[in-house]
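Engineer: The structure under discussion is supplied below as structure tokens; questions concerning it will follow.
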Amino acid sequence: QLKLVESGGGLVQPGGSLRLSCVASGFNVDRFAIAWYRQVPGQEKRFLSCIDGNAGTGTDYSSAVKGRFTVSRDDAKNTVYLQMNSLKSEDTGVYYCAGRSQGLETTCGAFVKFGEKGFTNWGKGIMVTVSQ
């Protein structure tokens, strides 16, 4: 069974940092495109970042987080990380990691364009609150 589990969320002050982890089980994370999304109440999930599969290092970021967030992967730990710096109050929300591969296609560009529907395997999410 393919499973993703997020951790590392919590309360942080504006300007602070957090690192989220997404641990995969049941599959090799380096063979999937892995994305991060954020959701706030009453809104759809919004794309934040993605890292290519097939042991690739290609990444993609939304304009809202580019330059502040960094996605990375540790194949030995079967884990993808989202390092979040210079956090703002508007970064508050539930953070989800999601994975997808389709045959030999594992690049983010193939799936991100479809929004959250582009990803088939989702974690349960973790709350991040940025507040004084």
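The values are calculated or read from the model by the stated rules, or taken from the named source; none is laboratory data. Since this is a predicted model, take the numbers as computed values, not measurements. Counting neighbours? That spans all protein chains shown, and the Cβs are built from the backbone with ideal geometry, glycine included. The protein model used for the area step is the full one, side chains on, heavy atoms only, and it has no ligands, DNA or RNA in it. Shrake-Rupley method; radii C 1.70, N 1.55, O 1.52, S 1.80 Å.
Engineer: From the residues 110, 132, 1, which one has its Cα farthest along the dipole of the chain in the positive direction, the dipole being from +1 and -1 charges on Cβ of Lys/Arg and Asp/Glu about the Cα centre?
Structural biologist: The Cα lying farthest towards the positive end belongs to 132.
Engineer: For the chain, what is the calculated [θ] at 222 nm in deg cm²/dmol (nearest 500), taking -39500 (n - 2.57) for each run of four or more DSSP H residues and dividing by its residue count? Show your work: numbers first, answer last.
Structural biologist: Numbers: 1 runs with 5 residues, N = 132.
So the helix-based figure for the chain works out to -500 deg cm²/dmol.
Engineer: Hey, with R₀ at 22 Å, roughly what FRET efficiency would residue 63 and residue 129 work out to, going by the Cβ-Cβ distance, to 0.05? Don't skip to the answer; put the middle values down first.
Structural biologist: Details: r = 23 Å, r/R0 = 1.03.
It comes out at approximately 0.45.
Engineer: Rounded to whole Hz and in sequence order, give me ³J(HN,Hα) for region 56-71 from the Karplus expression 6.51 cos²θ - 1.76 cosθ + 1.60, θ = phi - 60°, writing x for Gly and Pro.
Structural biologist: Ordered by residue, 3J(HN,Hα) equals x, 10, x, 10, 9, 9, 6, 5, 5, 10, 4, x, 10, 10, 9, 9 Hz.
Engineer: Could I ask something else about it? How big is the gap, in Å, between the Cα center of region 11-74 and the Cα center of region 102-128?
Structural biologist: Between the Cα centre of region 11-74 and that of region 102-128, the gap is 10 Å.
Engineer: Moving on to the next point. Please name which of 28, 119, 89 has its Cα lying farthest along the dipole of the chain towards the positive end, using unit charges on Cβ (Lys, Arg +1; Asp, Glu -1) and the Cα centre as origin.
Structural biologist: Sorting the options by dipole projection puts first 89.
Engineer: Quick one: 3J(HN,Hα) in Hz for region 8-22, Karplus 6.51/-1.76/1.60 with θ = phi - 60°, rounded, Gly and Pro as x.
Structural biologist: Karplus-based 3J(HN,Hα) across region 8-22 equals x, x, x, 9, 9, 7, x, x, x, 10, 9, 10, 8, 10, 10 Hz.
Engineer: Under a straight-distance cross-link criterion of Cα-Cα below 20 Å, which aspartates and glutamates are reachable from residue 77, leaving out those fewer than 8 residues away in the same chain?
Structural biologist: 6, 30, 52
Engineer: Hey, any idea what % of the chain's accessible area is carbon plus sulfur with a 1.4 Å probe? Let's see the in-between values first.
Structural biologist: Working: 3200 of 6780 Å².
That share works out to 47 percent.
Engineer: Once ligands and nucleic acids are excluded and a 1.4 Å probe is used, how much of residue 86 is accessible, expressed in Å² to the nearest 10?
Structural biologist: 60
Engineer: Suppose the Debye formula is applied to equal point scatterers at every Cα of the chain; what is log10 I(q)/I(0) at q = 0.12, 0.18 Å⁻¹?
Structural biologist: -0.40, -0.90
Engineer: With a cut-off of 20 Å, note down the residues of region 43-61 whose backbone N falls inside the zone around a label point 7 Å from the Cα of residue 88 toward its beta carbon.
Structural biologist: 43-50, 60-61
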